[in-house]
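Step one of this worksheet: look at the structure below.
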Amino acid sequence: MKICSSSSSSSSNLNQTIFSSDRHRQQNLTANTHHSLEKSGYLYKLSGRFKIWKKRWFVLKDSELLYYKRKYDGLNYDGNGMQRQQQRKVGPKAKIFLDQNCSLIRSKEKRFHISYQDGKKNLHLACDSIQSFNDWLHVIGQTLTINNIIKLQDNQCPVIENYITKVRFGHSLKCWTALYSHHLIYFNNPFDKIPIGYTSLKDCTIKEITSIPDIEDVALIYDDLKKKNQFLISVNPKGNSEPIYLLFHSRQDSSLWHYHLKAALAETNMPKTLFENLLDCLLNVESSSSSRDEFYRNEIWNNPLLHCHPQHYSNGDGDQDYEPTISLCDVDLKKEQSILLKSIKLFISVPIDHTAAIDYHIALIQNCFQICLDYPELQAELYYQLIRQSSPTNEILSYSSSIINGHQSFWCAPKSLFNCDNLNKQTQSIENKSDAILDTISISLQQSLQFLSLAISILMPKNQVLWMLKHHIQRFKNQTNNFGQYFLYFEKALTRVLLNGPRKRIPSRMEVLSIIKRNPFLHSHPHSIPVHFANKSYLVIGFDGSTTVREFIEQINLEIGIRDNFLNGLSLFSDDPIEINVEHLLDLNGKLADAISYWESTLRKYNLGKFDPTKLIKLSYRHRLCFASHFKNETEKEKLIWIYEVNEEILRERFPITKDLAIELMSLLIQIEYGNYDECDRHDKILMIASQRFLPMKYHQDASLTEIVTKRWLELKNRSVSDCYG
């Protein structure tokens, strides 16, 4: 697909491309490399005591409209281009900055008016030709619009933004697109502040396109789109204007943008929630604050909509429903929003005070994330509710700190999640307090922190949600108590998810347990899992919710001291939850937590919805391919891994081997595994286990096997591991 982009031009000339003609002009523009519109020329200005039309030289530059008595006033050059040495530069008669306080009014007979200083002053102008009249109206109007858009960016966060390919009149342009209120604004990249174009959604219609229209003059480009299976949304301006097509590479992105575009059109008829109005106020307060501390000291942060208050739990049971924080226009979405709010309320308000309640809470939190993954429009609702419930008042904060610290033995116990460790699972009941309401809210606060810990790693916050979450973290992060430590973990998790992107699956049971049973800040990684090797040993490796398989493999290599996997040929495999002796290669770019979640969901489906908590995914780290380059500069541990993997192939009789060689290899592996014969006890048991692990089945019936292996083992005394496989 051909991508059109603005070409380089002289820094002093206007390079503006209008995507539609005057007949059906939709507000789009492309500015020059200096992002400014410039024009100069003679205009007639109504001035003087007797209101006489006087000819003056006007200059529009850097969003300022200046006028002089003569053309060459204010310049250092005469009409022939020769520099004027002696005449002093003459300043402008007046300067008008074209901002949101100005308005352009079109009149008859080639006249127009500019109202500025909030309408207190007016500038009456006239042109000597229709062409000049249209040109001046256009460039002044575009300047006002650009300045208003820039002001809009300062006062608002975008509703949604991403790279989008925009197609119109057969030309395509990939640009960073942001939705502000009722405007689609286009930038070259996400770091630009000056837009290259915009589209007003007023009086537009939004449609999802299932089949691309057959248009002769753009047939080639649309055929290319069909081959790439793009998802399209059309923005149709009022009248007979050519529609704008927005191209997406996934159905999820297309559905999310379609929802927000439809919501932007319906905002005039759909009132905002109290929480959305409060967010607008917060943005305005931040823009007027001189520092972050001043912003956080503002009384607006004490608004009840931003806190969990005792009146929400007046009966002690948390029966009061949570009010929606975002406005929705779709009926089906409202139903899902209601289910989501109920699940959030149950997870936060029902205490996890015994082991039997854990499975109930795991089902609730997985249901919440499944709804948000199926309906991305509701992710903002989830984040806003969790931000509210994890924002205590000063009274609750002082009380909940003692509650959370007092239950550290239950919430933060270093409990293992693996079958290989036999640890006793104990819980402690919550102590009875005189103030039952504060006690209930403190427990709910703790569980809302746990919920938010999982949410940040799974659902990547964007735009207004990201802005609100960052301020939420900055306000409460503190290393001196457990409550503030959660926010330090939030900050770390947010950095990770913004780097690696969101997840595709709900959290696994193992992942939820890791967050529920311990404070994630107190550990280098919130989750951990054993990785098994060919010699039947395992190593527990930590990871977080955003860790990719590639990052996890790098951590394994670092822990055991071997080279990168593209040099040693090792790969990470998982077992099959149903079939025995079947392994699956894990995608390097996928999230490890998603692989674990997929394994658990497959096991649950096979068991008709029931999950066996005694089963856990088994990860194996072994060679997938064998190339000659892998043996160059290999480390001692890499050689050891090769030996055990070759032994597995011998046991499966994939390598033909003689009896004498099999006994020799078995003796070497016993020396590697157990050391010298004299230093070991229970030799008979060791030889029995070794014969099962290191000797093919067809040689087990030999009566003299034990005597021969023992003799050879004694001969290998004081042989090091490297000598054995060297």
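Tabulated data
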| item | result |
| --- | --- |
| Selection within region 301-326 - surrounded by fewer than 16 Cβ atoms within 10 Å (Cβ to Cβ) and at pLDDT 85 or above | 301, 302, 303, 304, 323 |
| Residue within region 88-98 that is touching a Pro at 6+ places or on another chain (Cβ under 8 Å) and crowded, with 16+ Cβ neighbours inside 10 Å present | no |
| Given (1) at pLDDT 85 or above; (2) out of contact with any helix residue (DSSP H, G or I) (no Cβ under 9 Å at 6 or more places or on another chain); (3) part of a loop (DSSP other than H, G, I, E, B), index of the condition residue 681 fails | (1) |
| Scan of region 468-499 for residues that are buried (at least 19 other Cβ atoms within 10 Å of the Cβ) and under 14 Å from the mean Cα position of the chain (by Cα), ordered by number | 469, 490, 493, 494, 497 |
| Hey, residue 587 out of contact with any Gly (no Cβ under 8 Å at 6 or more places or on another chain), assigned by the TED database to the domain that holds residue 708, assigned to a loop (DSSP other than H, G, I, E, B) and without any contact (Cβ under 8 Å) to a residue 60 or more places away in the chain or not | no |
| Scan of region 496-529 for residues that are within 22 Å of residue 253 (Cα to Cα) and in a helix (DSSP H, G or I), ordered by number | 496, 497, 498, 499, 500 |
| Some residue of region 696-715 being within 20 Å of residue 660 (Cα to Cα), touching a residue at least 40 places away in the same chain (Cβ under 8 Å) and part of a loop (DSSP other than H, G, I, E, B) | yes |
| In region 443-467, the residues that are under 13 Å from the mean Cα position of the chain (by Cα) and farther than 17 Å from residue 384 by Cβ | 457 |
| Leading residue by the ranking (nearest to residue 446 (Cα to Cα)) among those in region 541-556 that are surrounded by fewer than 20 Cβ atoms within 10 Å (Cβ to Cβ) and touching a helix residue (DSSP H, G or I) at 6+ places or on another chain (Cβ under 9 Å) | 542 |
| For residue 244: the one exception among (1) among the aliphatic types (A, V, I, L, M); (2) out of contact with any strand residue (DSSP E or B) (no Cβ under 7 Å at 6 or more places or on another chain); (3) at pLDDT 80 or above | (2) |
| Residues (farther than 14 Å from residue 246 by Cα, β-branched (Val, Ile, Thr) and surrounded by 16 or more Cβ atoms within 10 Å (Cβ to Cβ)) located in region 162-212 | 196 |
| Test set (1) farther than 22 Å from residue 69 by Cβ; (2) surrounded by 13 or more Cβ atoms within 10 Å (Cβ to Cβ) - residue 106 fails condition number | (2) |
| Pick from region 618-635, criterion touching a helix residue (DSSP H, G or I) at 6+ places or on another chain (Cβ under 7 Å) and at pLDDT 85 or above, ranking: farthest from residue 593 (Cα to Cα) | 623 |
| The lone exception for residue 483 - which of (1) assigned to a helix (DSSP H, G or I); (2) within 22 Å of residue 345 (Cα to Cα); (3) modelled with pLDDT of 90 or more it fails | (3) |
| Count - residues of region 48-72 that are β-branched (Val, Ile, Thr) and surrounded by 14 or more Cβ atoms within 10 Å (Cβ to Cβ) | 1 |
| Members of region 186-238 that are in a loop (DSSP other than H, G, I, E, B), at pLDDT 65 or above and in contact with a helix residue (DSSP H, G or I) (Cβ under 6 Å, 6 or more places away or on another chain) | 195, 201 |
| Filter result (over 26 Å from residue 671 (Cα atoms) and of a type in the set (A, V, I, L, M)) within region 617-649 | 617, 619, 625, 628 |
| Residue match in region 560-578 (condition: of a type in the set (Lys, Arg), surrounded by 15 or more Cβ atoms within 10 Å (Cβ to Cβ) and under 30 Å from the mean Cα position of the chain (by Cα)) | no |
| Test: residue in region 663-671 that is surrounded by 11 or more Cβ atoms within 10 Å (Cβ to Cβ), touching a helix residue (DSSP H, G or I) at 6+ places or on another chain (Cβ under 7 Å), in contact (Cβ under 8 Å) with a residue 60 or more places away in the chain and outside the structural domain of residue 534 (by the TED database) | no |
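Results for (1) within 23 Å of residue 512 (Cα to Cα); (2) part of a loop (DSSP other than H, G, I, E, B); (3) among the aromatic types (Phe, Trp, Tyr), shown as yes or no for each residue.
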position	(1), (2), (3)
566	no, no, yes
581	no, yes, no
600	yes, no, no
633	no, yes, no
641	no, no, no
644	no, no, yes
650	no, no, no
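The values are calculated or read from the model by the stated rules, or taken from the named source; none is laboratory data. This structure is a prediction, so every number in the text was calculated from the model and none was measured. Note that we place each Cβ from the backbone using ideal geometry, even for glycine, and neighbour counts take in every protein chain shown.
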